[in-house]
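Here's a structure for you.
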Amino acid sequence: MTTLLDLLGGSPTLLAIGEPTHGESAFLQIRNDAFLTLAEHGYRSIAVESDRAAGLLADEFVDGGGVPLDRALAEGFSHGFGAAPANRDLLLRMREWNAGRPAGQRLRFHGFDAPLEIEGAPSPRRHLTFVCDFLGLDRSAEIDDLVGDEARWSDTAAVWEAGRSVGRSTDAQRLRVLADDLLTELFLQAHRRSAGWRAAHVHATSAVALLRYHAAAATDLAQEERFARLAGVRDALMAENLLAIRAVEADRGPTLVFAHNTHLQRHPATMTIGGATVSWAGAGAIVGALLGERYAVVVGALGASPALGIDAPAASTYEGRLQQRGDLPGYVPTTDIAPAERRTHDYRYFPLDQATIDNADAVLHIPTGVDAAVLAERIRALPGVEQVVASAENGSPEAAWGDRFFHVGPDRRQPFATIVEHDVPDFDEAGKLDRPGVFRLNLELGRAEFERAFGFAPAAFEEHRDDFDYARLDTLTPHPGYALYGFASIVMPGPQMLPEVDRLLAIAYRRAVDRHERASRRAAAQRD
C-alpha cells in the first residue's frame, strides 16, 4: 500500500484522515497503523472525533498514568467510541511507544470534539466544577442554583424547538459570565498553578462551548436553517479545539487527526433535511482556510462493508472505479481519479463526489471491510475444503453456535482453520471475543512455521504466555488454548492483512492436504 508519506509533497502540521461512515473497523485499524508509522517520522499526537475533556483521561492512560484501561475506554471517549476494539489497540500501542521515552518523543492523545451531540447537550456543571476545584474556589452552590435540573439542558426536543432551549435564559447568561470569569482567573493564576493548568483550561473552554451551543439552540430559525446552524456551531467548536491542540503541540511535531469526512473536508458539508439541502463549514473548511498548506486531508472511501450491510458499488461510480485498482486498501492521489457517477447516498455512507475529490489531497479507499463471513468465503474457495458451522443440529454446545471449522477430507477431528466469535469460559477468554463484532481466525501452522513466527517452539509456549496481548487486532499471536499444537491466531484481521492471512492460510491448508493424502494412502494400503 502506498504510504501517506509517499503522497505528501509538503510538510503539513495537521494531517487529516477521514472515514465516510462510522462503524467500519477497517478505517480505525488502518488509522492505527498509519499513526504509529507517522510517529517514526516525527508525528507526536493524534486528535480524534471525541470529547476533548474526556480525552484527558485517555491521554493519562497513554502517558503511563494509573488510569485503568477499561476506565480510559469507558470515560476517555465520547459517542460510545471507546467500545470500538481498534480504539483499545490505539491506546495500548501509544502507551507501549511512550514507555521509557523522553517527554519530547512521547505520543499524546487528544479528542477535538465539543462535549455534545448534534441532538442535545448537557449542562456545563461538571466542567465549571472542575475548574473551581482546580482554582480552589467554592462556587458550587451558585453553579447548582443556575444549572438547576439537568433535564432542562439535555432535552433533545430543544434542538428542534427554540422555545424549549435554556440557552438564552437568564441563568444561562449568568453561567456564560461565570465561565468567562473563570477563564480569566485561570490565566491570572497560571504562574503559580502550572501543574494541571492545561486540563483545567480544557474544562473551562468546554463549559464555554456548551453554553455557546445551547445559545445557538435557542435561536428561532426554520428547521433546515436551525440544523445547519447547530451543525456549523459544533464544527466551529471542533476547529477551535484543533487550533488549540496545534498550539500545544507546535514544538513537538505534527498531529494526525481522524474523524468523519464531513468534519475534515475542505469544502462545505451538506445534508438533506426534510427535502431541502443545507450546508455549513466543517472543521476542515475552517482550519484549512486558516492553516493553508499546513493542513492536508485524505478522505476515506469504502467499497463494501459486511458489518454495516453496505453492498459493493456500481462500477460507474467513484468507488466502483477505485475498486478496479485492486482488492487491498490504498492511498490514491486525487489527481489520479477521473470524473464518475456519485454513489447513492443513505444514512450509513457519505459517498465520494467531485467536490470532495477536488478539495482533498488523496483518497484512502478500502475495497471491503472484513468480517467472519468474508474470511470464511476465502477459506472455502480452497479446493476440497468443507466448512462445519457449530449449531444445535450438529450437537455443538450453545456457547459455540455460529463458530466455523474448516477441514480437508472426511476426517472431522482436526480442523486446519477455525473462525470463532465466542470466549470459552475458564479456557479461552484472553481474546475478549465476546465484544460486539469481534471474531478470531485460528490457523494450524505446525512446529516449523510457529517457531519462525514467534521465535520458540510450540512446546515452549507456557514460558512465553504472558508475552502477548491476545485481544489485540491485526496481530499474529500463539493461540491461547492450542499453541502447544502449533496453532496461531489473529483477532479481526483488517483488509490490509489479507496477503499475510493468505500466506499463513496456505501453510495450514497444505498441512491439512498432506494429512488427508497420507490418511488416504494408509486406507488404500489396508484395503490392499
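Nothing charged except the Cβ atoms of Lys and Arg (+1) and of Asp and Glu (-1): what's the magnitude of the dipole of the chain about its Cα centre? Round to the nearest 20 debye.
It works out to roughly 900 debye.
Taking the Cα-to-Cβ direction at Ser169 and at Glu462 and moving 7 Å from each Cα, how far apart do the two end points lie in nm?
6.5 nm
Using the Karplus curve 6.51 cos²θ - 1.76 cosθ + 1.60 with θ = phi - 60°, what ³J(HN,Hα) values do you get for each residue of segment 63-70, in whole Hz, with x for Gly and Pro?
Ordered by residue, 3J(HN,Hα) equals 7, x, x, x, 6, x, 4, 4 Hz.
If you take all C-alpha pairs in segment 187-253, what percent of them are over 15 Å apart? The partial results should precede the final answer.
Details: 1399 of 2211 pairs.
I get 63 percent for the Cα pairs in segment 187-253 exceeding 15 Å.
For segment 69-112, what is the convex hull volume of the alpha-carbon atoms per residue, in Å³?
Convex hull of Cα atoms, per residue: 76 Å³.
Given a Förster distance of 35 angstrom, what is the FRET efficiency for Ala338 paired with Ala448, based on the Cβ-Cβ distance and rounded to 0.05?
Details: r = 48 Å, r/R0 = 1.37.
The calculated FRET efficiency here is 0.15.
Between the DSSP loop rule and a limit of at most 15 other Cβ atoms within 10 Å, which trypsin sites (Lys or Arg not before Pro) in segment 272-348 are left?
Values: sites: Arg294, Arg321, Arg325, Arg342, Arg343, Arg348; in loops: Arg325, Arg342, Arg343, Arg348.
Those satisfying the criteria are Arg325, Arg342, Arg348.
Also, I was wondering about something else. Report the accessible area of Ser194, computed with a 1.4 Å probe over the heavy atoms of all protein chains in place, in Å² rounded to the nearest 10.
The accessible area of Ser194 comes to roughly 90 Å².
Something else now. Can you compute the helix-only [θ] at 222 nm over the chain? Use -39500 (n - 2.57) per DSSP H run of at least 4 residues, normalise by all residues, nearest 500 deg cm²/dmol. Don't jump to the answer; show the numbers that get you there.
Values: 19 runs with 218 residues, N = 528.
It comes out at -12500 deg cm²/dmol, rounded to the nearest 500.
Okay, next question. Suppose we look only past 45 Å in the calculated P(r) of the chain. What percent of the Cα-Cα pairs does that tail hold? Each step should come with its number before you reach the end.
Details: 31680 of 139128 pairs.
Every Cα pair in the chain considered, those over 45 Å come to 23 percent.
Amide H to amide H under 5 Å from Ile273: which residues, 5+ apart in sequence or cross-chain, H placed 1.01 Å off N in plane?
Residues meeting the criterion, in which the H sits 1.01 Å from N, are Val278.
Give me the accessible area per residue for segment 243-342, probe 1.4 Å, as a whole number in Å².
Values: 4230 Å² over 100 residues.
I get 42 Å² per residue for this part.
In degrees from 0 to 90, rounded to the nearest 10, what is the angle of the helix 498-527 Cα long axis to the longest principal axis of the chain?
20 degrees
Determine Rg/Rh for segment 243-322; Rg is computed over alpha-carbon atoms and Rh is the Kirkwood hydrodynamic estimate from the same atoms. Intermediate results must be reported in sequence, preceding the final value.
Values: Rg = 16.3 Å, Rh = 15.2 Å.
Rg/Rh: 1.07.
If you place +1 on the Cβ of every Lys and Arg and -1 on the Cβ of every Asp and Glu, how big does the dipole about the Cα centre of segment 122-184 come out, in debye to the nearest 20?
Values: 8 positive and 12 negative charges, 45 e Å.
About 220 debye.
Once each part is reduced to its C-alpha centroid, what is the distance from segment 15-32 to segment 103-174 in angstrom?
The distance from the Cα centre of segment 15-32 to that of segment 103-174 comes to 29 Å.
Placing +1 at every Lys and Arg Cβ and -1 at every Asp and Glu Cβ, with all other atoms neutral, what dipole size does segment 429-528 have around its Cα centre, in debye to the nearest 20? Mind dumping the intermediate values first?
On the way: 15 positive and 16 negative charges, 107 e Å.
Roughly 520 debye for segment 429-528.
What does segment 222-369 give for Rg and for Dmax, in Å, if only its C-alpha atoms count?
Answer for segment 222-369, Rg first and Dmax second: 16.3, 47 Å.
Follow-up. Could you tell me which of rounded, prolate or oblate describes segment 21-131, using a ≥ b ≥ c as the square roots of the eigenvalues of the alpha-carbon gyration tensor, with rounded for a/c under 1.5 and, failing that, prolate when a/b is larger than b/c and oblate otherwise?
On the way: a/c = 1.95, a/b = 1.35, b/c = 1.45.
Taking the square roots of the gyration eigenvalues as a ≥ b ≥ c, segment 21-131 is oblate.
Another question about this same structure. How big is the accessible area of Phe468 in square angstrom, nearest 10, if you roll a 1.4 angstrom probe over the protein chains?
Accessible area, nearest 10 Å²: 60 Å².
Quick one: accessible area per residue over segment 372-528, 1.4 Å probe, rounded to a whole number of Å²? Display every interim value, and only then the final one.
On the way: 8020 Å² over 157 residues.
Per-residue accessible area for segment 372-528 comes out at 51 Å².
Something else now. Over the Cα atoms of segment 100-150, each weighted equally, I'd like the Debye log10 I(q)/I(0) at q = 0.15, 0.21 Å⁻¹, rounded to two decimals.
Relative scattering, expressed as log10 I(q)/I(0), comes to -0.64, -0.85.
Continuing with this model, one more query. Mind jotting down a quarter of the surface of the convex hull over the alpha carbons of segment 106-260, in square nanometres, one decimal?
On the way: hull surface 39.7 nm².
Averaging across all directions leaves 9.9 nm² for the Cα convex hull.
Please state the shape class of segment 393-489: rounded when a/c is under 1.5, otherwise prolate if a/b exceeds b/c and oblate if not, all from the C-alpha gyration tensor. Kindly include the intermediate steps, with their values, before the conclusion.
Values: a/c = 1.99, a/b = 1.26, b/c = 1.58.
Oblate, because a/c is 1.5 or more while a/b does not exceed b/c.
On a 1.4 Å probe surface of the protein chains, which of Arg176, Arg168 comes out largest in accessible area, and what is the full order? Walk me through the intermediate numbers first.
Working: Arg176 85, Arg168 130 Å².
So, going from the largest accessible area down, we get Arg168, Arg176.
Taking all protein chains in place and a 1.4 Å probe, what share, in percent, of the accessible surface of the chain do carbon and sulfur account for? Write out the running numbers ahead of the final one.
Values: 11830 of 23240 Å².
Carbon and sulfur together cover 51 percent of it.
Let me ask you something else. Using the heavy atoms of the protein chains alone and a 1.4 angstrom probe, what is the accessible area of segment 51-142 per residue in square angstrom?
Counting only protein heavy atoms, the per-residue value for segment 51-142 is 40 Å².
Roughly how much of Glu119 is accessible, in Å² to the nearest 10, using a 1.4 Å probe?
For Glu119, the solvent-accessible surface is approximately 100 Å².
Search the structure for amide H atoms under 5 Å from the amide H of Gly369, placed 1.01 Å from N in the peptide plane, and list their residues when 5 or more places away or on another chain.
Placed amide hydrogens put Ala304, Ser305 under 5 Å from Gly369.
Right, here's the next one. Please list the non-local residues whose amide H lies under 5 Å from the amide H of Thr255, H modeled 1.01 Å from N, same-chain partners needing a gap of 5 or more.
Placed amide hydrogens put Leu14, Leu15 under 5 Å from Thr255.
Something else: Quick check: with the 1.4 Å probe, what order do Arg527, Arg246 take by accessible area, largest first? Provide the component values of the computation, followed by the final result.
On the way: Arg527 180, Arg246 30 Å².
Most to least solvent-accessible, the answer reads Arg527, Arg246.
Place a label point 7 angstrom from the Cα of Ser520 along the Cα-to-Cβ direction, then list the residues of segment 364-386 whose backbone nitrogen is under 11 Å away.
Counting only backbone N, you get 384.
Give me the extension gain from His191 to Ala381: residue separation times 0.36 nm, minus the current Cα-Cα distance, reported in nm with one decimal.
Details: separation 190, 0.36 × 190 = 68.40 nm, distance 6.72 nm.
Here the answer is 61.7 nm.
For a test of the definition: using alpha carbon positions, the gyration tensor, and the 1.5 limit on a/c, classify segment 361-439 as rounded, prolate or oblate.
The shape class here is oblate.
The values are calculated or read from the model by the stated rules, or taken from the named source; none is laboratory data. Please read all numbers here as calculations on a predicted model, not as lab measurements. Cβ sites come from the backbone with ideal geometry, for glycine too, and all protein chains shown count toward neighbours. The protein model used for the area step is the full one, side chains on, heavy atoms only, and it has no ligands, DNA or RNA in it. Shrake-Rupley method; radii C 1.70, N 1.55, O 1.52, S 1.80 Å.
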